[in-house]
Amino acid sequence: NIGAESVVGTDDFTDINGLIKELENRLIRTSRTLDKFSDPNIVGSEASINIDPDTGESDIEIGGGRFIPIGEDGTAPYYLVWDAKLEASFKQIEVILSELYIMSETSSACFSDLKTGLAESGSALKRLLMPTLAKVNRLKIIMEAPLKDVLRIAADIEVASKLSGATKLDNISIDWRSSLPVDMKELVDIETQRVNYRLTSKHSSLKRLNEGASEADIEAELAAIDGEQSREFGLMNLEQ
């Protein structure tokens, strides 16, 4: 665990190292059990073995295991296997993963662990990601002030060094973007409802939907929409 006085900072894994080790141990032991009993031994009476007189080999396919004789009582051969009861092991893995998500404040949705129908829209996905988004927002609050200081100091050093294009940064604002995919259908539905209920203008709605578009582009789009509506209204009047 790196100390707070280090330039590297503190790590985010100390609290979950125990769970990760337990998960690795459970997965390794489960795999070892499956490997051990993937090629079982065979048990039967010696009388059930037919020896090829030419090769001297038996006609029993043993595979990677071995044959275990049990006397001459005529018992039919059967495979000696062990019921590993791995359901408990897999259940334990699920419990460890659940605790890992809780301790790390990570939603299982981050790893596409979704049940059918649980994230059919962007807002539904955000609700599933609430623990992770809350952690991200907390880190933003912690990091914003030091990050602004670093940017301000770097700008002051450039100005003091008389570098070309250097500018003092007195008023710094950071626009934190979400890394979640944008659901355009949902955004269009929201903006349509806002316009229909007169909660926003078409200009503002188009500007939000077309991020990065200039005022001229927005005005041209509005003029094109108005022109199409005028033509459609004119055709309806002619048909009547």
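The values are calculated or read from the model by the stated rules, or taken from the named source; none is laboratory data. For clarity, every value in this text was computed on a predicted model and none was experimentally measured. Reconstructed Cβ throughout: ideal geometry from the backbone, glycine too, with neighbour counts over all protein chains shown. Keep in mind that these areas ignore ligands, DNA and RNA; they rest on the heavy atoms of the full protein, side chains included. Shrake-Rupley method; radii C 1.70, N 1.55, O 1.52, S 1.80 Å.
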Quiz item: Considering only helices (runs of 4 or more DSSP H) fully contained in the stretch 123-240, which possess at least 1 residues that are within 30 Å of Thr106 (Cα to Cα), among the hydrophobic types (A, V, I, L, M, F, W, C) and open to solvent by 80 Å² or more (accessible area, probe 1.4 Å)?
Solution: 130-160, 184-196
Quiz prompt | Every pair of residues 6+ apart whose Cβ atoms lie under 6 Å, when the first sits in the stretch 186-199 and is over 18 Å from Leu222 (Cα atoms) and touching a residue at least 40 places away in the same chain (Cβ under 8 Å) while the second is open to solvent by less than 80 Å² (accessible area, probe 1.4 Å) and not in a helix (DSSP H, G or I) | solution = Glu186/Ser121
